[in-house]
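Heads up: the structure comes next, in structure tokens.
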Ligand code: ARG
Ligand code: ZN
């Protein structure tokens, strides 16, 4: 593991490699503690490169056994675990290099390279894990055709999988066997994968639009095949959707997915052999919530869509990560919108963006969608690269229009298939199909920070004037910002709720319901507007910006009822709620009683009961902003305890005013039919479960929640019942009974126990720290397993504002110590968890100081990994 902290990688230092590797032949002799890897590489010197140029291969923690050049042992090399430098190379343009290394999969707890999870050999190579398997040019612009041979004892590993198509298999001595795989599509090393073990399989097939029959397999633990049915269905729908919407067809004879229980991220798009965190594959109504089902659908789609956006066209270097990730997130968002409800999906996306990306962009870890420097690339698999990266593609589609956007995508696939590309290549295809200059738009990739638009509307004699000003706040290492191109979708709404027209607009570009903001300030005039309109701004969240608009509460109430854009309606009510919560927070800080307008409770009541609206929408609308949302919108000097009190007060106020109607609706929504994971049924459960949260505040609240828990016939309702009891009535006999009952029923189901850990770790208040400490000793917990660690410690630090940000700083110290322990095994995991500190400067001074001390203690730790050191140091900078 690297622990040197010096090296910084810079975008401007990119240089093509002197050598290429057109063919890679790998042989694996698998063994838990002594795996042999023989890499037979065809090396090609790039035209014009001097034959004296050394060949420098990447390694990480490698144990070199032997090197041959064109079949002869080669001694002119320097090998360290991190590097292999070869000199005195043949003058010929091509030669064969053979490298033998020895690995210990069982001791690999970092879950990068080749490791064993639950007895199954598997690999994770993105971004730089291949160098933990063999010395290689481990960079995404080196594309190679792979042929892989795997040998293992048949009893231990009857299943031997790699990328591409199966080409051979057979028996060997000593009850060992082998399989060979060939992948005809040249690929970078980060897309290499191998899986070997004893697994069950759910099989199916798919016939592509061109008539190719593809064998589909999802590999899971024996006995769990049935739990892969939903994932399989999502896979087939993804394959069809990509043909219909993007014209993209699958290109191998097989497509395999393997679920493993120890995995650092969600899933990985290895060519023809996706590897998944089992939590994003396994589901049935008894074990998975509706959120799990939706995540499975989205992630199966995401990894499948990478086959074209990522694999066929890959990244030139890791600075271009958003080229594949932002684009692929955009594609999976569109898929889910088509499969479910577009309006509801968009609201959920924006909530996630604001919860995860906005704080990143507004704190010390801010970076552009395409970063320009990094010390550890693993720390850039961020909400900015993924989610903001997707928003940038969405803006491009908004600016160009759907048809031109599709034409640009077609050109991208045609022009760059088989290449390793940059963001410039991507933008160029859209410039070429549209004839537009996208250089100002391109700033979205290069400049960090969330832009703000200040808008002052005024209306007089048929003319609406909008004074619009843009600003981008300074972010680390970017103090001066350039002006952006911001596509702001909008509508003007008349008093009857209908869209108002205008005869002409001057002072800026307006087209198809979108204002194109490009200047620092502008005065936009709409003439021929029949009456003073109510403004619906940033419809569909067309741009990832913050808005400061003078809008009267009655206009927001009006929008919350009448905006034809569902996102606009949600946004209006959410703004009202946020303003009420911030006012209440100020009251709490000032020692005054909280007061709320009756109109808010009435609006919540009428939205909840409005049968013309989808239940899923109603559920989202009446869900109050989270404590973290409120803190983000307060912005500075935050006291999380006061936020908690303010939020509880508003929940109580809305609950009290709507007690009877919420109860009637709650009962009416009770579903007695057979379970379906579809969006409509999930929406009804979501609404009913949000109502439960309100009802839990009434006198008979514990009874209602207990009965909800007892009568639940699926995991969604079970979790809602248990969560409501644990959070609204912590420590009550009913809460304790529910937790004990759940534990007893799910003790041998780790993924279900994760939910049990999470609920307890997020019970607000001081007590949570003791709970987390205790649960770390629970038999179902394991510090080596990322899912366990995330569900207990990740949800505590990122999802429990009052508990984690205890005023005495005890949780910070505990957490810093735990991270340093995790860091010794799995630096990626510790670094990811450490981002919980990223907003420390927006806390009130006492907590700020305690958080700073915890960060400093980590930075000082001897032997801290590059990953964790990088996050801690940037957080402090
Ligand atoms: N490319 C994977 C995904 O879709 C993420 C893999 C990241 N892995 C890592 N170790 N950082 O989206
Ligand atoms: Zn991805």
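If one takes the longest principal axis of the Cα atoms in the chain, at what angle in degrees, from 0 to 90 and to the nearest 10, does the Cα axis of helix 598-609 lie?
Roughly 60 degrees between the two axes.
I want to check the label-to-label distance for residue 104 and residue 70. Put each point 7 Å from Cα in the C-beta direction and report it in nm to one decimal.
3.8 nm
Under the rule a/c < 1.5 gives rounded, and otherwise a/b versus b/c splits prolate from oblate, where does the chain land using the Cα gyration tensor?
Prolate, because a/c is 1.5 or more and a/b exceeds b/c.
Quick check: pseudo-label points 7 Å beyond the Cα along Cα→Cβ at residue 96 and residue 877, how many nm apart are they?
Reported label-point gap for residue 96 and residue 877 is 4.7 nm.
Rounded to the nearest 0.05, what FRET efficiency do residue 167 and residue 859 give with R0 = 45 Å and r taken as the Cβ-Cβ distance? Could you check?
0.35
How high is the relative contact order of the chain, given as a whole-number percent (alpha carbon pairs under 8 Å, six or more residues apart)?
9 percent
Tell me the mean residue ellipticity at 222 nm calculated for the chain from its helices only (DSSP H runs of n ≥ 4, each -39500 (n - 2.57), averaged over every residue, nearest 500).
Mean residue ellipticity, 222 nm, calculated: -12000 deg cm²/dmol.
Order of 724, 398 from fewest to most other C-beta atoms within 10 Å?
In order of increasing Cβ crowding within 10 Å: 398, 724.
On a 0 to 90° scale, report how tilted helix 389-400 is relative to the longest principal axis of the chain, with both axes built from alpha carbons and the result rounded to the nearest 10.
That works out to roughly 70 degrees.
I need 50, 18 ordered by Cβ neighbour count within 10 Å, fewest first.
50, 18
At a Förster distance of 60 Å, what's the computed FRET efficiency of residue 748 paired with residue 506, Cβ-Cβ distance as r, to 0.05?
The calculated FRET efficiency here is 0.30.
Run the numbers on the range 688-834 and let me know its relative contact order in percent, using alpha-carbon pairs under 8 Å that are six or more apart.
15 percent
Separation between the residue 774 and residue 203 pseudo-spin-labels, each 7 Å from Cα along Cα→Cβ, expressed in nm?
Spacing of the two 7 Å Cα→Cβ label points: 5.0 nm.
Quick one: check the C-alpha center-to-center distance for the range 703-760 versus the range 590-614, whole angstrom.
When both Cα centres are located, 28 Å separates them.
Once the piece of chain linking residue 417 and residue 782 is laid out straight, how much longer is it, given 0.36 nm per residue of separation minus the C-alpha distance between them?
Stretched fully, the residue 417-residue 782 segment lengthens by 127.1 nm.
Please arrange 874, 561 by how many other C-beta atoms lie within 10 Å of their C-beta, fewest to most.
Fewest to most other Cβ atoms nearby, the residues stand as 561, 874.
Just report the Cα centroid separation between the range 435-479 and the range 378-425, whole Å.
21 Å
With only alpha-carbon atoms in the gyration tensor, what are the semi-axes of the equivalent ellipsoid for the range 314-446, in Å, largest first?
They are 22, 20, 13 Å, listed largest first.
I'd like the FRET efficiency for residue 226 and residue 579, computed as 1/(1 + (r/R0)^6) with the beta carbon distance as r and R0 of 51 Å, rounded to 0.05.
Efficiency at R0 = 51 Å is approximately 0.55.
No value in this document is a laboratory result; all are computed from the given coordinates. What you see is a predicted model; the values in this text were computed from it and never measured. Please note: Cβ atoms are built from the backbone with ideal geometry, for glycine as well, and neighbour counts cover all protein chains shown.
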